[in-house]
1. Under Stokes-Einstein, with the Kirkwood radius over Cα pairs standing in for Rh, what whole-number D in µm²/s applies to region 153-200 at 20 °C and 1.002 mPa s?
2. Using only the Cα atoms of region 161-274, what semi-axes does the equivalent ellipsoid have when each is the square root of 5 times a gyration tensor eigenvalue? Give whole Å, largest first.
3. Over its Cα atoms, what ratio of radius of gyration to 2.2 N^0.38 Å does region 163-227 give?
4. Using Cα pairs under 8 angstrom and six or more residues apart, how large is the relative contact order of region 167-274, in percent?
5. Of all accessible surface on region 175-274 at a 1.4 Å probe, what whole percent is carbon and sulfur?
6. Give the whole-number value, in cubic angstrom per residue, of the convex hull volume spanned by the C-alpha atoms of region 138-179.
7. How long, wide and thick is region 206-246, going by the Cα atoms along their three principal axes, in whole angstroms, largest first?
8. Mind giving me the nanometre distance, one decimal, between the label points for ARG163 and ASP215, set 7 Å out from Cα along Cα→Cβ?
Amino acid sequence: MVPVVLSSEDPPEWYQTLQRWHLIVPCQILLIVVLALIGNLVARRAIGHGIQGAMRVRDLVTVDDEDMRAQRRADALAGVFKGLATGLIVMIAIFAVLSELGINVASFVTAATIIGGALAFGAQQLVRDLLAGMFVVAEDQYGVGDTVDLGLAIGTVERITLRATKLRDDQGRVWHVPNGQVQRAGNLSQGWSKAILDVPIALHADVGEAADRLDAVARELYDVPTIGPLLLEPPEVLGVQSVGDDRAVLRVTIKTKPGQQVPVVRELRLHVIA
């Protein structure tokens with residue numbers, strides 16, 4: 001590539017030295033690489049601060065559960081956009097370097113367009129997974145630590161990527177569910193959960209008295225140090241859930257913190273049989 005001289009006068013001595021040693025193009029390429037690195041660093045930091053500022057994420061030292069969830073969501077979104085920004089900057093830098101080397105960039109753009117179209121056509125499922133993953137993160141359908149039912153598997157979310165969600169079920173099995181194959185997502189631990197327990201009583205028993213006794217037993221959970229803080233609302237005895245040949249079933253529900261219904265139900269069972 002012929003160096004561009006901005007003045008009709010002779011170039012500076014340092015420029016003539018670089019030109020004599022054929023260092024003009026290498027120096028221009030080095031400058032492009034340095035600018036790309038700086039641009040990538042600035043873009044990634046700007047994206048991180050911008051997303052967290054938009055979502056109003058506060059200091060992690062003084063946040064509650066909802067803020068922690070927002071922080072994880074902001075981190076996931078920032079990771080996606082940082083990756084896109086890095087890819088765009090790298091692509092621009094590559095084309096700039098090729099141009100400095102005197103290579104026709106237009107032919108590369110045409111070839112890249114054809115190859116990209118072929119790859120997109122052959123990897124439609126992958127593209128579908130990536131798009132679905134972006135919506136999962138953007139809409140906060142579920143996050144790491146949530147217990148979810150994705151249809152294909154039920155378990156606790158251990159990791160979310162744009163391509164797949166990693167779950168671990170109650171038997172310890174790890175499931176990798178492609179995001180594009182999730183037709184429905186049931187989040188069992190977002191916002192709050194509900195502990196439900198059905199208690200059988202004799203068919204001839206006094207239902208009102210049994211319901212009062214069950215309500216009193218359920219309220220004893222507030223006195224349990226490890227269970228009381230998990231309760232969000234007082235227990236509610238809904239009444240007769242079903243009737244059999246020799247018994248009736250009463251149902252009691254308790255609103256709990258997200259994902260804490262299991263330990264609450266276990267403790268309630270212990271109090272019922274005590």
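The values are calculated or read from the model by the stated rules, or taken from the named source; none is laboratory data. For clarity, every value in this text was computed on a predicted model and none was experimentally measured. Cβ: placed from backbone, ideal geometry, glycine included. Neighbour counts: every protein chain shown. Areas reflect the complete protein model, heavy atoms only, side chains present, ligands, DNA and RNA absent. Shrake-Rupley method; radii C 1.70, N 1.55, O 1.52, S 1.80 Å.
1. Here the translational diffusion coefficient equals 172 µm²/s.
2. They are 34, 18, 12 Å, listed largest first.
3. 1.83
4. Working: 158 pairs, mean separation 37.4, N = 108.
35 percent.
5. Values: 3030 of 5900 Å².
For region 175-274, the apolar C and S fraction of the accessible surface comes to 51 percent.
6. 64
7. 39, 16, 15
8. 5.6
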